[in-house]
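Chemist: Okay, handing you the structure first.
The values are calculated or read from the model by the stated rules, or taken from the named source; none is laboratory data. Note that the structure is a prediction, hence the values are computed from the model and not measured. Here Cβ is always computed from backbone atoms with ideal geometry, including for glycine, and neighbour counts include all displayed protein chains.
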Amino acid sequence: MYDPVKKQRDVLDNIKKTSPNVDVKWDEQTGSPLRVKGLLVRTEQRDPLNAAMEFLDANKELFLLDSMQKEMLLKRVDTDRVGNKHVRMQQVYNKLPVFGSEIIVHMDADSNIKGTTGRLTPKIDLPDKAKITAEKALKNVLKDDKENTKSNLHAEPSLMILSQFVKETHLVWHVTVNGVDKTLSGEDTPAKWEYFVDALDGKIVWKYNNEQTHTNTTGSGIGQYSGAVTINTVHDHGIANYQLEDQGLPSSARVVTHDANGGYPPAPVSEDSNNNWSATAQGPDIDCHLYTRMVFDYFFTVHGRDSYDDAGADMHIYANCGNNWNNASWNGSYVKIGNGDGIRYDPLCALDIIAHEWTHAVTEYTADLVYSGESGALNESMSDVFGSLIAGNWIFGEDAWLLASAPGSRNMEDPTNGGQYDPTDPIDSVIAGHQPDHMTDKYTGAQDYGGVHINSGIMNKAAYLIATGGTHRGIRVCEGLGNDVLGLLYYQALTTHLISSSDFSDMRDAVLDSLDDLYAVNPHYSRWRASIINAFAAVGIGTAVTCPVTCWIAPFICPPAPHILCPPSPYICPPSPHFECPPSPYICPPAPDIVCPPSPMVVCPPSPYIRCPPSPGLACLPGPDPLPPYNPEIRIRRPDISIRSDILDIVGIGPEIAILFKGKSILTLGDFLKATENTKMVSKLSEDLGISEARMQDWRKKALVMLGEIK
């Protein structure tokens, strides 16, 4: 513990005559007070600066300084809400500022001195003239970091004293340059570098990144629907508050959540004092923040899309919009989420609703479907479909929905909710949660922009049938393709086949064309194509077809194509239908694993051994598909992903590029991450393979997301 010298004790003894309980905290290194607390001086001086300077000058020996008038320079005077004044002063040495050495003198409303806080540097003994020029100092800075260039000079070099933050006091050139730094997760981030170059020998004494507006943090919160969750936030040093800004995305994009607080944009970013967002009023903000990040992750990981514009745009979302506003919207720049009226809707910050609105943004930057008539209803349906795929069920908006007339604001499995849609009263029907599910009930009026929210039910039903199969209006879908395949086909259609004026019939063609793009060599192709045709036919678009027959040679073995026709005997075993699949003859796979007759591989016993159903639309042997579904280059993240997984699992790396990597013995995600550990390695690999560094970095981020290294 620091022991004050005699002259300091003498000053304290004098102060104690006025303030017997004065408290002092000492700087153990310099011996100067860090904090003095007590009623130090009762003064009649009304000018706060003069009062502060008189106090400091009278007690300069306490601070181990020679002349406060020469060594202190006023920075500002702050007055708080109760009238206290706080005089902030900068220490100087021969008119040069002493970096980080300041003192604040605190006074009450009557200008009585009530304490000081700060760090000062006593006993400075240095030349005040530089031996190194400012230009030389700048050159030394640019040599230190090649990412910085002279064009990135943020401010002209200035001469000062550096004593805080370093062991010894230096005369330095302070140089500020813009550059780059690394985040805690190893990602590049903009930097404002503050360099301090010794003005006597040119050595870099110290540097730090002063890009300080926000610091990435992790907070906790309780969402309206998500419950207790962990969220990414930032700490704003300027206002000492935490804000709902997620800078942890694996791209340059950010999620920024604003609190409209019953109004509409513009509105400030949601703030909290302790990063524990548990107040009831903060629930919608938390859901908007968390669910927007989930939407980003879905499109990024499953489809390789970097934010809604595929260029890393920030995703701004406004919670608590309007007074009893039962709606949500995308306006071309940001998403607004209504707070609901408590009668039809609770706050509309549900996952599928938020995903719906962000899909409108994706649509705008891809097909840009005109928001009117069939193209507008298709626009709405696209948002419903991706909202449901991301949320994981076919009832839309059920978390926020309060009416008993329907299970949610839209039911994609049964848009009519058991036939409750009334074509003669379409507006009231859709308000109650009912929509048409067939073109015979299509709304053709002018309201609702030509029925964009009404007729979307027709497209929603088609999407549901494609994913799940089933029969509708007497038309059977051969087999459901599953949610994952539906998502890939719809994204392909949206981004590569639809145009702004596309209608429902165009959507049918776009999905079929997308199947050709992604699954042409898949053993399911023929049945999936028929399934898509029949799904659209079931809602009145196009004509249904007969489902292709799949004949099974044995459990799990099904021929991929009619390459080899087996002789009619002994496959057709009388009496029928023991082993006869209409329309006959049997189809055997070309591989030598299964030999066509007369091999005894397949024998028809006298009793029914393998029964073929009378319907030609079913396979001979029910059971799992003989081959796993084929995925195109766009891959879906699997829960079993690991560093040993093939690099093809990284979104966007196709077979051709994978061959290039594998030629370098980069076979797995782990190999790829090891080969791209730093910028030099990325540059070298980029040069060797002829692939841009940006793509390399993008794939690296995606691999880290898949492995859970980036949250």
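Chemist: Taking the stretch 89-130 on its own, how many of its residues are within 26 Å of residue 19 (Cα to Cα) and outside any loop (DSSP other than H, G, I, E, B)?
Modeler: Residues meeting the conditions: 14.
Chemist: A follow-up question, please. Only one of 695, 611, 700, 644 is at pLDDT below 70 and either part of a helix (DSSP H, G or I) or not acidic (Asp, Glu) (or both); which?
Modeler: So the residue among 695, 611, 700, 644 that is at pLDDT below 70 and either part of a helix (DSSP H, G or I) or not acidic (Asp, Glu) (or both) is 611.
Chemist: I would also like to ask the following. If you take the residues of the stretch 80-138 that are without any contact (Cβ under 8 Å) to a residue 24 or more places away in the chain and polar (S, T, N, Q), which of them is surrounded by the fewest Cβ atoms within 10 Å (Cβ to Cβ)?
Modeler: That would be 133.
Chemist: Sticking with this one: Considering only residues that are in a strand (DSSP E or B) and among the hydrophobic types (A, V, I, L, M, F, W, C), which ones fall in the stretch 68-88?
Modeler: 72, 73, 74, 77, 87
Chemist: Right, something else. Which of the residues belonging to the stretch 61-105 are under 20 Å from residue 45 (Cα atoms), in contact with a Ser or Thr (Cβ under 8 Å, 6 or more places away or on another chain) and modelled with pLDDT of 90 or more?
Modeler: Selection gives 103, 104, 105.
Chemist: Part of a helix (DSSP H, G or I), touching a helix residue (DSSP H, G or I) at 6+ places or on another chain (Cβ under 7 Å), aliphatic (A, V, I, L, M) and surrounded by fewer than 21 Cβ atoms within 10 Å (Cβ to Cβ), is that true of residue 489?
Modeler: Against the criterion (part of a helix (DSSP H, G or I), touching a helix residue (DSSP H, G or I) at 6+ places or on another chain (Cβ under 7 Å), aliphatic (A, V, I, L, M) and surrounded by fewer than 21 Cβ atoms within 10 Å (Cβ to Cβ)), residue 489 does not qualify.
Chemist: Right, here's the next one. Out of the residues in the stretch 281-306 that are hydroxyl-bearing (Ser, Thr, Tyr) and at pLDDT 95 or above, state the one that is nearest to residue 228 (Cα to Cα).
Modeler: My answer is 291.
Chemist: Which of the residues spanning the stretch 445-461 are modelled with pLDDT of 95 or more and over 16 Å from residue 405 (Cβ atoms)?
Modeler: Those that are modelled with pLDDT of 95 or more and over 16 Å from residue 405 (Cβ atoms): 455, 456, 458, 459, 460, 461.
Chemist: Quick one: which of 513, 503, 517 is within 30 Å of residue 451 (Cα to Cα), modelled with pLDDT under 95, out of contact with any Gly (no Cβ under 9 Å at 6 or more places or on another chain) and among the charged types (D, E, K, R)?
Modeler: After ruling out the rest, the residue left standing is 513.
Chemist: Of the residues 465, 481, which single one is touching a helix residue (DSSP H, G or I) at 6+ places or on another chain (Cβ under 6 Å) and free of Cβ contacts under 8 Å to residues at least 60 places away in the same chain?
Modeler: After applying the criteria, what remains is 481.
Chemist: Show me the strands (runs of 3 or more DSSP E) entirely contained within the stretch 235-322 in which 1 or more residues are among the β-branched types (Val, Ile, Thr), touching a helix residue (DSSP H, G or I) at 6+ places or on another chain (Cβ under 9 Å) and surrounded by 21 or more Cβ atoms within 10 Å (Cβ to Cβ).
Modeler: Passing ranges, in order: 255-259, 315-321.
Chemist: From (1) in contact (Cβ under 8 Å) with a residue 40 or more places away in the chain; (2) under 29 Å from residue 247 (Cα atoms); (3) not charged (D, E, K, R), pick out the condition that doesn't hold for residue 369.
Modeler: Result: residue 369 fails condition (2) only.
Chemist: Can I ask one more? If you go through the stretch 497-523 one residue at a time, how many are buried (at least 21 other Cβ atoms within 10 Å of the Cβ) and farther than 19 Å from residue 379 by Cα?
Modeler: Residues flagged as buried (at least 21 other Cβ atoms within 10 Å of the Cβ) and farther than 19 Å from residue 379 by Cα within the stretch 497-523 amount to 2.
Chemist: Within the bounds of the stretch 13-23, is there any residue that is at pLDDT below 95 and part of a strand (DSSP E or B)?
Modeler: Yes, the stretch 13-23 contains at least one residue that is at pLDDT below 95 and part of a strand (DSSP E or B).
Chemist: Working only within the stretch 48-79, note down all residues that are over 29 Å from residue 172 (Cβ atoms) and surrounded by fewer than 14 Cβ atoms within 10 Å (Cβ to Cβ).
Modeler: Across the stretch 48-79, the qualifying residues are 50, 79.
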